[in-house]
Amino acid sequence: MADIEYDLVVVGGGVLGTFHAYHAMKKGLKVALLEKDAMPKGATVRNFGQVVPSGMNTKWQQYGRKSLKIYKKIHAKFDISVRQEGSIYLASNEEEVQLIEELKEINRANDYTSILFTKTECLRKYPGLNEQYVKAGLFFPEEITVEPRTMIGRVHKYLKKKGVSIFYKAKVIECNTLNNEVSTQLANGRMLLSSKVIVCNGSDFKTLYPEMFATSDLEISKLQMMKTKSQGDYKISGSILTGLSIRRYEAFAECPSYLKIKSKEPLDSLEKKWGIHILFKQAMDGGVILGDSHEYADADDMDNLGFDLNMEIDNLMLSKAKEIFSLPTYEIEQRWFGMYSQCKNADIYERTIDRNIHIITGIGGKGMTGSAGFSKHNIQQIFNI
């Protein structure tokens, strides 16, 4: 018999699981959040910490905009490392200028503030930006950054203060429906009973329901990133997204000129081969995070992605970054990779088992931006409240 009963047990303490727990708590439910490691160490802590609804399609931009409000609301009560310094997309040629102008019109219709910057305004706001690279920019003042390696832990502390039970080193090995309750069995022998379970397993497809995931349309994306040493007194504010981002992000796929412009891109470039687009974001310690790349494998073949860092990719990203910004130093302090799961044919993976076990994963690169807003909607759907 379990020691405690809950309205909801959330399996997975990353950003998607954490915000499901947050919104269930806000609805007055008794919640337990289970994290298999001492702290989350998956995609949630291995990214840039850019919260950029501007890069999402119309559907997910709405979730992202809700996320912005949620992050800011929590941060006003409890420091979770939010900085509202805006995001900018830097266009490097006339095609990219056309796309940011079209995206501005789309966002005007969506009532989401964006501001076109001239080349001169971009150079003035972002010191070190190469004047040969930039032609114009599109700035989103509402957008924020967080520190990915500290944010989630701080949100957990906030949830604990609000009464959520959080268990670390709590690996779940089995979930079973018993009449109208679900038993969640932990590897340490403990069992929890709850009305419902939500499983936000990220890219862990080997522990729970491995057969189901092996036959799904889920795939893994491996991304390489790095961080420079501190830049001293040099500051870059907010999130910097560049021409390759403009050509990659979903928001721009809704622009009238997108398909024509994409059709003219070479298919055999190294950037295309490694899925590279260049982002910059300065961490609170003064180092600049830059990247990233994308390599893919099906969920049941994810081991083929390996655990090595491909230095050809890193060197190519560094070369491209130096064409965009002249930083005081490009000496690298840290290199790492992250892995996130996404669906090939859907925007998120949702599966319900025996009415009360809900699998939610495969949010892709939308996790940091979209999870808080999507989780609010999903809790309302699951609990009909």
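The values are calculated or read from the model by the stated rules, or taken from the named source; none is laboratory data. Here the structure is a predicted model, which means the values were calculated and not measured. Note: ideal-geometry Cβ built from the backbone for every residue, glycine included; neighbour counts use all protein chains shown. With ligands, DNA and RNA removed, areas are computed over all heavy atoms of the protein, side chains included. Shrake-Rupley method; radii C 1.70, N 1.55, O 1.52, S 1.80 Å.
The table for this structure:
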quantity	calculated
Filtered residues of segment 332-357 (kept if part of a loop (DSSP other than H, G, I, E, B), more than 15 Å from the chain's Cα centre (by Cα) and among the acidic types (D, E))	D354
Cβ pairs under 7 Å, 6+ apart, first in segment 87-109 and within 15 Å of F140 (Cβ to Cβ), second crowded, with 24+ Cβ neighbours inside 10 Å and among the acidic types (D, E)	S87/E143
Sole residue being out of contact with any Pro (no Cβ under 8 Å at 6 or more places or on another chain), open to solvent by 30 Å² or more (accessible area, probe 1.4 Å) and either under 30 Å from F307 (Cα atoms) or in contact (Cβ under 8 Å) with a residue 60 or more places away in the chain (or both), chosen from G42, G28, G55, G17	G42
Subset of segment 167-185 [closer than 18 Å to A21 by Cβ and in contact with a strand residue (DSSP E or B) (Cβ under 6 Å, 6 or more places away or on another chain)]	F167, A170, V172, C175, V182, T184
Flag for K281 being of a type in the set (D, E, K, R), more than 16 Å from the chain's Cα centre (by Cα), buried (at least 17 other Cβ atoms within 10 Å of the Cβ) and under 20 Å from V82 (Cα atoms)	no
Residue identified as within 30 Å of L129 (Cα to Cα) and touching a His at 6+ places or on another chain (Cβ under 8 Å) among T228, T242	T242
Any hit, segment 216-229, residues being surrounded by fewer than 16 Cβ atoms within 10 Å (Cβ to Cβ) and out of contact with any strand residue (DSSP E or B) (no Cβ under 7 Å at 6 or more places or on another chain)	no
Residue satisfying all of: in segment 72-90; among the hydrophobic types (A, V, I, L, M, F, W, C) and buried (at least 16 other Cβ atoms within 10 Å of the Cβ); nearest to I278 (Cα to Cα) among these	L90
Filter result for the condition that a residue is touching a residue at least 12 places away in the same chain (Cβ under 8 Å), among the hydrophobic types (A, V, I, L, M, F, W, C) and outside any helix (DSSP H, G or I), over I360, I382	I360
Tally of residues being surrounded by 22 or more Cβ atoms within 10 Å (Cβ to Cβ) and either modelled with pLDDT of 95 or more or of a type in the set (D, E, K, R) (or both) across segment 141-155	7
Matching residues, segment 99-116, being open to solvent by less than 30 Å² (accessible area, probe 1.4 Å) and outside any helix (DSSP H, G or I)	Y112, S114
Filtered residues of segment 159-176 (kept if in a strand (DSSP E or B) and either in contact with a Pro (Cβ under 7 Å, 6 or more places away or on another chain) or of a type in the set (D, E, K, R) (or both))	E174
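This table checks each residue for (1) open to solvent by less than 80 Å² (accessible area, probe 1.4 Å); (2) of a type in the set (V, I, T); (3) over 30 Å from F374 (Cα atoms).
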{"residue": "L309", "(1), (2), (3)": "yes, no, yes"}
{"residue": "D314", "(1), (2), (3)": "yes, no, yes"}
{"residue": "L318", "(1), (2), (3)": "yes, no, yes"}
{"residue": "G338", "(1), (2), (3)": "yes, no, no"}
{"residue": "Q342", "(1), (2), (3)": "yes, no, no"}
{"residue": "N345", "(1), (2), (3)": "no, no, no"}
{"residue": "T361", "(1), (2), (3)": "yes, yes, no"}
